[in-house]
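The values are calculated or read from the model by the stated rules, or taken from the named source; none is laboratory data. The shown structure was predicted, so the numbers you read here are calculated from the model rather than taken from an experiment. Neighbour counts run over all protein chains shown; Cβ positions are idealised from the backbone, glycine included.
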Amino acid sequence: MSGAAKPPLAVDLDGTLIRGDLFSEAMLRLAFTKPWKLPHLFAWLLRGRAYAKAKLAVECPPDAAALPYDERVIAWLHEERASGREIMLATASDRRAAQAVADHVGVFDRVFASDGETNLKSRRKGEALAAAYPQGFVYAGNEAADVKVWAAASHAVTCNCSPALARRAAARFKIERDFAGEHDTIGALLTAMRPRHWAKNLLVFVAMLAGQGWFDVDAWRGALIAFAALCLVASSVYIVNDVADMPADRRHPRKRLRPFASGEVSPIAGLAVALVLLGAGLWLGALSGAGWLIAAYATAASLYTFVLKRIVLADVFVLAALYGLRIIVGGEAADYPASAWLIAFSGFFFLSLALVKRAAEAASLRSEFAGRGYRATDGPVLKRFGAAVGALSALVLALYLQQPDNAARYSSPLFLWALPAVALFWQAYVWLRVERGEMDDDPLLFALRDPVSWAAAALAAAAFAAAALV
């Protein structure tokens, strides 16, 4: 059959042309960016989904150029268009949003969409297409609601369907083409939880180790429970952060590949998982004996996600405080409270690392950070301030060692002088990597993969052990 002889092709938008759902994303965007308008959203929904979609298309229009398109479908549509086939976009999304997508993709001859009164979904969509093309049409869809549209079509195209729906469609309809789902939802959710960032929560053991509670079983038990609690709470915050940042992430050269931004997993499913993780983390936090501190961590991290990360410099101070709070949590759970010296050292040290993160981002971007207020030209001042703060952390260590009462806690305190030297060396090394453009935007994750950082950590651990045991 020649391309011109093929029946017209109608293509669904949500879940088919793009990996996502414009309606749910618009509601989430409204909730995160204009929460005071949520009562309006409820009122719009009472007037029907079509009306709500029309209002959301005005309040939160989609960024058509940044949406996560299924490139397999896009390439196929261009081939079909080049062969002379008529192609329509047929979607339950509002006409304004659908037209923006159609204009960007550039292959559609017509657009069928909701109009503020009629929600063009399932049966209504099938009827509209059948009335427009009584001679027959082919429909590309992805969900159970599309079964009634396929029933009105001459052939079906299945895109990203669940295995059960794909089998059901193959049994009932003539399949012109199948685009099998490519994503692992469970794996994507695990990625969104960012388990590699759990390494940061190892800071909960610092106060216990610094207090020489190395063989205290109860201390280890409390610290381990606190570690698990922080991992769960942190993962819940990461998920909410990624959902809130989807529009900005889709414009970022690297973050656009994150599970929610790329459409690998639904943001609604992500928020449900985040709620479960938060509940489990707070429960474990209560068991650890540091429940209120872990709740404070969750609150501070959430404030950072929604407000504080957009305030220049305040964001790095909050990041540093969150690192330090991990140490305080661990000390409370293990019953080895963090000393004022340890808190002072960690404050300067982690503020320096937070500035490393921002300076590295400034080096990698040529424009203002999306939603952060920093500019690429801020890099030099961030580097100067960050290096100075890092030097202060080493100075705190040196002052600690000069106090006779502190030195008396160790058998051979002379070995401890390796600690400020290592701290200075490592931070100079990190800032040199920033200056050369060789630093990832998260210095702690960089350190976990860097042999020089491992060698510095091993030297510091050996010096501390020697001071305490020799």
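Summary table below
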| read-out | value |
| --- | --- |
| Search result, residues across the range 73-131 that are over 21 Å from Lys148 (Cβ atoms), more than 36 Å from the chain's Cα centre (by Cα) and not charged (D, E, K, R) | Ala82, Ser83, Gly84 |
| Residues being surrounded by 15 or more Cβ atoms within 10 Å (Cβ to Cβ) and more than 18 Å from Asp94 (Cβ to Cβ) - total across the range 1-30 | 5 |
| Per-region count, the range 171-195, residues free of Cβ contacts under 8 Å to residues at least 12 places away in the same chain and more than 24 Å from Asp245 (Cα to Cα) | 1 |
| Qualifying residue in the range 287-294 (condition: surrounded by 16 or more Cβ atoms within 10 Å (Cβ to Cβ) and under 12 Å from the mean Cα position of the chain (by Cα)) | no |
| Residues located in the range 256-270, provided they are within 12 Å of the chain's Cα centre (by Cα) and surrounded by fewer than 17 Cβ atoms within 10 Å (Cβ to Cβ) | Arg256, Leu257 |
| Residues of the range 80-118 that turn out to be in a helix (DSSP H, G or I), surrounded by fewer than 14 Cβ atoms within 10 Å (Cβ to Cβ) and modelled with pLDDT under 95, as a count | 1 |
| Residue within the range 156-163 that is at pLDDT below 95, on the phi < 0 side of the Ramachandran plot and in a loop (DSSP other than H, G, I, E, B) present | yes |
| Single match in Ala388, Ala423 (criterion: of a type in the set (Gly, Ala, Ser), part of a helix (DSSP H, G or I), in contact (Cβ under 8 Å) with a residue 60 or more places away in the chain and within 15 Å of Leu351 (Cα to Cα)) | Ala423 |
| Some residue of the range 404-415 being in a loop (DSSP other than H, G, I, E, B), at pLDDT below 90, in contact with a Phe, Trp or Tyr (Cβ under 9 Å, 6 or more places away or on another chain) and among the basic types (Lys, Arg) | no |
| Among (1) surrounded by fewer than 17 Cβ atoms within 10 Å (Cβ to Cβ); (2) out of contact with any helix residue (DSSP H, G or I) (no Cβ under 7 Å at 6 or more places or on another chain), the one test that Trp417 misses | (2) |
| From Ala362, Ala455, Ala418, Ala394, residue being without any contact (Cβ under 8 Å) to a residue 12 or more places away in the chain, in the same structural domain as Lys200 (by TED's automatic domain parsing) and either assigned to a helix (DSSP H, G or I) or of a type in the set (Ser, Thr, Tyr) (or both) | Ala455 |
| Whichever residue in the range 319-343 is assigned to a helix (DSSP H, G or I) and not aliphatic (A, V, I, L, M) and, among such residues, is surrounded by the most Cβ atoms within 10 Å (Cβ to Cβ) | Gly330 |
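Conditions tested, residue by residue: (1) touching a strand residue (DSSP E or B) at 6+ places or on another chain (Cβ under 6 Å); (2) farther than 20 Å from Arg326 by Cα; (3) in a helix (DSSP H, G or I).
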site	(1), (2), (3)
Gly222	no, no, yes
Ala229	no, no, yes
Pro247	no, yes, yes
Pro253	no, yes, no
Phe260	no, yes, no
Ala269	no, yes, yes
Val273	no, yes, yes
Ala280	no, no, yes
Ile294	no, no, yes
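Residues checked against (1) surrounded by fewer than 19 Cβ atoms within 10 Å (Cβ to Cβ); (2) touching a residue at least 12 places away in the same chain (Cβ under 8 Å); (3) not hydrophobic (A, V, I, L, M, F, W, C):
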position: His197; (1), (2), (3): yes, yes, yes
position: Gln212; (1), (2), (3): yes, yes, yes
position: Arg221; (1), (2), (3): yes, no, yes
position: Phe227; (1), (2), (3): no, yes, no
position: Ile239; (1), (2), (3): no, yes, no
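For (1) crowded, with 18+ Cβ neighbours inside 10 Å; (2) at pLDDT below 90; (3) closer than 22 Å to Leu325 by Cβ, each residue gets a yes or a no:
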position	(1), (2), (3)
Phe345	yes, no, yes
Phe350	yes, no, yes
Arg366	no, yes, no
Ala376	no, yes, no
Val381	no, yes, no
Ala387	yes, no, no
Leu392	no, no, yes
Val396	yes, no, yes
Tyr400	yes, yes, yes
